Each structure stands twice: as C-alpha cells, then as structure tokens.
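Worksheet: the structure to be examined is printed underneath.
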Amino acid sequence: MDRRWFVVLGVAVLVSLLILTPVAMAATAAGTVKSVDAAKGTLVVTVEGKDVDVKTTDKTEVTIDGKAGKLADVKAGNKATVTHEGGTASKIAVTTK
C-alpha cells in the first residue's frame with residue numbers, strides 16, 4: 001500500500017478522536033431542582049442527597065416535558081436531567097409531572 005494512504009488514515013483517525021472525545025466526556029446527572037436563578041443562569045439540583053451547582057449558557061438547551069423551554073420556566077421541585085461538562089450544562093430536560 002502506498003505510504004500516502006497511511007498518512008491519510010492516520011489523519012482521519014486523529015480528527016475522529018478530536019471530534020468524539022468531548023462527547024464522551026459529557027456527564028449526566030438526574031435529580032430534583034432545589035433552586036433556579038434565571039438572571040444569573042444558574043440552578044441547584046439535588047442529586048443523591050448532594051446539591052450540585054449548575055451553570056448555563058445561552059447555548060444550553062432546556063426542555064420541559066419534552067417541549068422547548070427557558071431556564072426561567074424551571075421551578076423548584078421539578079425533576080431534571082442535566083447533561084454537563086465541568087459544571088456547565090449543555091442540556092436540561094425537566095419533567096413537571
């Protein structure tokens with residue numbers, strides 16, 4: 001096989017690893033919303049008896065009962081599943097029922 005193919009294959013593998021690694025590093029936490037401060041873009045979720053501070057950004061996707069929502073719509077007592085990396089949420093899925 002020509003040496004160029006090995007270089008192309010190596011570059012393709014490296015690019016794949018760089019793209020997929022952040023996805024694999026994201027974590028999920030599920031619990032009960034303790035408090036929300038929409039103005040600051042933060043919420044506290046109680047997970048297994050421990051309070052977890054979660055930051056949001058303008059890119060954080062919030063859903064409430066499967067529909068698009070806003071952080072301001074999230075209420076204390078709601079159940080939430082937060083997908084995050086390093087304490088910053090990328091997704092917050094809330095159930096009110």
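The values are calculated or read from the model by the stated rules, or taken from the named source; none is laboratory data. Fair warning: this is a prediction, and the values are worked out from it, not measured in the lab. Using ideal geometry, Cβ is built from the backbone for each residue, glycine included, and neighbour counts are taken over all protein chains shown.
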Open item on the list: Where the second residue is part of a strand (DSSP E or B) and not aliphatic (A, V, I, L, M) and the first is free of Cβ contacts under 8 Å to residues at least 24 places away in the same chain and closer than 16 Å to Asp73 by Cβ and lies in region 39-52, which pairs have Cβ atoms under 6 Å and are six or more apart or on separate chains?
Closed with: Thr42/Lys55
Open item on the list: Here is a check on your reading of the model: is Ala39 among the small types (Gly, Ala, Ser), outside any helix (DSSP H, G or I) and at pLDDT 95 or above?
Closed with: yes
Task: Qualifying positions in region 70-97 - over 18 Å from Lys55 (Cβ atoms), part of a strand (DSSP E or B) and of a type outside the set (Lys, Arg) - done: Thr95
